[in-house]
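The values are calculated or read from the model by the stated rules, or taken from the named source; none is laboratory data. Only a predicted model underlies this, so the values are computations on that prediction, with no experimental measurement involved. Cβ sites come from the backbone with ideal geometry, for glycine too, and all protein chains shown count toward neighbours. Areas reflect the complete protein model, heavy atoms only, side chains present, ligands, DNA and RNA absent. Shrake-Rupley method; radii C 1.70, N 1.55, O 1.52, S 1.80 Å.
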Amino acid sequence: FFSGLTAMEKKLAEYKCNTNEAIQLKLVRFPEDLEDENTTFNPEYSHQVFGDDEVAFGYKGLKILLYYIAGNLSTLFRIEYTSKVNEKFDCVEADDVESKIREIIPPGFCTNTDDFVSLLEKEVNFKPFGMLLHTYSIHNEEAGEDITYQIYKADMTCPGFREYHERLQTFLMWFIETASFIDVDDERWNYFLVFEKYNKDGATLFATVGYMTVYNYYVYPDKTRPRVSQMLILPPFQGEGHGAQLLETVHRYYMSSPTVLDITAEDPSENYVKLRDFVLVKLCQDLLCFSPVKLMQGFSQEMVTEAQQKLKINKQHTRRVYEILRLRATNMGDAEQSRSYRLDVKRRLIGPYKKKQRELAKMRRCLRPEEMTNQLNQIDLNLQREQLEESFQQLVSDYRRVLERLAQA
């Protein structure tokens, strides 16, 4: 009986596919891209659609093709496999992969290549949505030329944008770990989109590069606090500097508005924090309050006020900017200067520990002595020092990376 089971299990194990590998994404500009392996990319995540194991059961050689036309993101969705478990003989059922994908991609997609290619021919009519905010170019080594990019601000009143956004947001599921779709009927959302201009048969076309959604919170009595919600640069364009261009453009857009208090972000990822550090330091470095002399005198209310009024940066982010710029102005080889810097940063880092100690003091007043020792054992001062030093070293290495990038910018 057992050997039979393992044989069966072995057989069934062959019908498990990793969905991050099975899902093949493409952004298609030319018909030949369909056959070109180099234009394919895969998700980083598929757990929101296929569960924590990121596995689809019941197929061998499963391919889930999700191809998008580069600009308006018209979609081709097809499933291919070499074999599938058979209910009659194997008494097991294959996962319904199609309905899982259909739950996140909007209806109206193509299911065969010919329809998709004929849509590709109409792509020349696609134009970006909304209002042009910024144009920039990046030198592309491969093409040996400068490529032009544009950033637009769009909203749901732009014809066709609602449908386009539905197609665009499906990418969030594959590349943001905790992604969720937003309520587009809420008018307080702003959408910022990045497009690349490219040529095809003598015409200029636009390809989708990435986007950001920002929610405008109301602050009493007459201000708003925009909060960055989700930001994604599509994988073929990552690492080229588009994220920084997008974030800076969005910052500049809100800076010009007298009703904006400051800009925040919702649950930012590590990468986003690094990006934001770079952009905010770049914006702040020329403010008078961040002159080397003033940096050496320590963090001040003047920095908080000027960064908020001129650049819409909140206090917490201004503090990080100050620490990064002060690091640049500090000679870390000089014992006195480096000690002063270390103390300054650690004083901020120790805040949470201090809070914990205040809470303990409160407990001390209401707990019996034997309960107290348990609580105290959790906080070992040496450990705390070690953790503090570790946090400090990690921070300094992050800061140095920001300064390196700044020096190249």
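Reported to the nearest whole Å, the Cα centre-to-centre distance from region 322-350 to region 67-144 is 50. Per residue, how large is the accessible surface of the chain? Use a 1.4 angstrom probe and give square angstrom. Solvent-accessible surface per residue comes out at 55 Å².
For region 145-153, backbone phi angles converted through the Karplus equation (6.51, -1.76, 1.60; θ = phi - 60°) give residue-by-residue couplings of 8, 7, 10, 9, 10, 9, 10, 10, 9 Hz, Gly and Pro being listed as x.
Averaging Cα coordinates gives a centre for region 188-209 and one for region 217-295; these two points are 22 Å apart.
Number of Lys-Lys pairs in region 127-328 with C-alpha atoms under 23 Å apart and a separation of 8 or more places or on different chains: 22. The C-alpha atoms of the chain define a longest principal axis, and helix 242-255 lies at about 60 degrees to it.
With a 1.4 Å probe rolled over the protein heavy atoms of all chains, the accessible area of His134, His251 falls in the order His134, His251, largest first.
How many nm is it between the label spots at Glu14 and Glu103, if each spot is 7 Å from the Cα in line with the beta carbon? A separation of 3.0 nm, rounded to one decimal place. Asp201 contributes an accessible area of around 150 Å² to the protein surface, as traced by a 1.4 Å probe with all chains present. Using the Cα centre of region 83-229 as origin and beta-carbon charges of +1 (Lys, Arg) and -1 (Asp, Glu), tell me which of Thr178, Cys110, Met131 is placed farthest towards the positive end of the dipole. With unit charges placed on the Cβ atoms, the residue in question is Met131. A Cβ-based charge dipole, computed about the Cα centre of region 127-328 with Lys and Arg at +1 and Asp and Glu at -1, lands at about 740 debye. Remark: accessible surface ordering of Phe30, Phe41, Phe192 (largest first) is Phe30, Phe41, Phe192, probe radius 1.4 Å. For Val209, the residues whose modelled amide H falls within less than 5 Å of its own, excluding neighbours fewer than 5 places apart on the same chain, are Val194, Phe195, Glu196.
A cut-off of 5 Å between modelled amide H atoms, ignoring neighbours fewer than 5 places along the same chain, links Ile23 with Ile64. When nucleic acids and ligands are ignored and a 1.4 Å probe is applied, Leu119 ends up with an accessible area of around 60 Å².
For the pair Asp222 and Ser256 in one chain, pulling the backbone fully straight at 0.36 nm per residue adds 10.7 nm over the alpha carbon distance.
Counting only DSSP H runs of at least 4 residues, each contributing -39500 (n - 2.57), and dividing by the residue count of the chain, the helix-based mean residue ellipticity at 222 nm comes to -13500 deg cm²/dmol.
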